Amino acid sequence: MPEGPEVEAIRRSLAPRLEGKSLALIRNTALRMRYEPKVELHLKNLGCIQELRRHGKVLAVVCSKPTLLFRLGMSGTLLWREAKMPRPKHAHWTLQLRPTVPDHPSKASCDRRQDQQDAEQRTYLDFVDPRRFGGIEDVESFSTWREHSNLGPDGLHLEEREYPQRIKTMMRSGRSVKAILLDQNWIAGIGNIYASEILFRAHVHPARPGNTLSEHECLSILREIKPMLCKAADHDGTSFATHKTPSGKRGENENYLYVFQRDGDACPRCSEERNSYILRLNQGGRSSYYCSGCQF
Ligand SMILES: [Zn+2]
């Protein structure tokens, strides 16, 4: 499931190729997805793409009007395709891009040769999502949507001034610290992989209820979030399941994980001293990974 760093890796890869291009959307299937646009977007010309933004796990393509929010859900990816290549399976939407044309095209653009040239200049980006937990939404503007959403601050841009409020919420909660980390309204962008990694680095056991943590422990957790997520985005994210960058490249961050899916391995931090191993714990139907020797 793509988390903040995976979506950021996708944003970084797409931005130079999308910004300034003219965008039209094609809906390829009638299958409903979890997120649906309010208005009909099939074959709609959305004008020039101004910029690509991200908050948490949401990728925003800011067009002349409207702004599109891409939610990748459990299995969503965006993949480039050459015009001559067949459309991949489960590509529910296709983004058709072409160089921005002037408002009043010259007579020559009606010429057939010009049309052919235009077709050759088109590029395609497929939104592939086999499980359909993702989708596209249309909103008036990125900043208005962000203001009215309940999402917490973005983990990759987390600032120290945000700490006191996050600590307060955490220390009042009876939920497990793992559940708090996954709560997008607390901080946006953390999912199952990075929650385990952050808690390992902070020496905190994933099952601890928030209201048993000291202020110092909360602070240790918060200090790990931004560096952990930013480093993962620099490695193009983690590719355990479906994540790939739009050019089809796998992320390299799985080589830098300490505990996620490493149950049975010796703890990289304390095994010499305590002979301890990474363990797996089921929390709310999802796996957490931790070391019983050095996470309390
Ligand atoms: Zn350990």
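Numbers below:
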quantity	calculated
Residue selected from segment 237-296 under the condition hydroxyl-bearing (Ser, Thr, Tyr) and in contact with a His (Cβ under 7 Å, 6 or more places away or on another chain), by the criterion nearest to the ligand (Cβ to nearest atom)	Tyr290
All positions within segment 249-296 that are within 20 Å of Ile180 (Cα to Cα), of a type in the set (Val, Ile, Thr) and not in a loop (DSSP other than H, G, I, E, B)	none
Options Leu41, Leu79: the member that is over 25 Å from Pro153 (Cβ atoms) and in a strand (DSSP E or B)	Leu79
Any hit, segment 154-167, residues being of a type in the set (Val, Ile, Thr) and farther than 30 Å from Ala207 by Cβ	no
Qualifying residue in segment 223-230 (condition: in contact with a Leu (Cβ under 7 Å, 6 or more places away or on another chain) and either outside any helix (DSSP H, G or I) or polar (S, T, N, Q) (or both))	no
Residue match in segment 238-246 (condition: out of contact with any Ser or Thr (no Cβ under 8 Å at 6 or more places or on another chain), closer than 23 Å to Gly134 by Cα, in the same structural domain as Pro164 (by TED's automatic domain parsing) and of a type outside the set (S, T, N, Q))	yes
In segment 37-48, residue surrounded by the most Cβ atoms within 10 Å (Cβ to Cβ) [restricted to those that are of a type in the set (A, V, I, L, M) and without any contact (Cβ under 8 Å) to a residue 40 or more places away in the chain]	Leu46
Scan of segment 261-284 for residues that are among the small types (Gly, Ala, Ser) and either touching a Pro at 6+ places or on another chain (Cβ under 9 Å) or without any contact (Cβ under 8 Å) to a residue 60 or more places away in the chain (or both), ordered by number	Gly264, Ala266, Ser271, Ser276
Segments classed as helices (runs of 4 or more DSSP H), wholly inside segment 146-219, with at least 3 members that are under 17 Å from the mean Cα position of the chain (by Cα), away from the ligand (no atom under 16 Å from the Cβ) and in contact (Cβ under 8 Å) with a residue 60 or more places away in the chain	192-201
Some residue of segment 222-230 being more than 13 Å from Gly4 (Cβ to Cβ), out of contact with any strand residue (DSSP E or B) (no Cβ under 7 Å at 6 or more places or on another chain) and either aliphatic (A, V, I, L, M) or touching a residue at least 60 places away in the same chain (Cβ under 8 Å) (or both)	yes
Flag if Ala60 is in contact with a Leu (Cβ under 9 Å, 6 or more places away or on another chain), of a type in the set (Gly, Ala, Ser), assigned to a strand (DSSP E or B) and in contact (Cβ under 8 Å) with a residue 24 or more places away in the chain	yes
Count of residues meeting criterion [crowded, with 19+ Cβ neighbours inside 10 Å, of a type in the set (A, V, I, L, M, F, W, C) and over 14 Å from Leu199 (Cβ atoms)] in segment 168-185	0
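The values are calculated or read from the model by the stated rules, or taken from the named source; none is laboratory data. Fair warning: this is a prediction, and the values are worked out from it, not measured in the lab. A quick note on method: Cβ atoms are made from the backbone with ideal geometry, for glycine too, and the neighbour counts reach across all protein chains shown.
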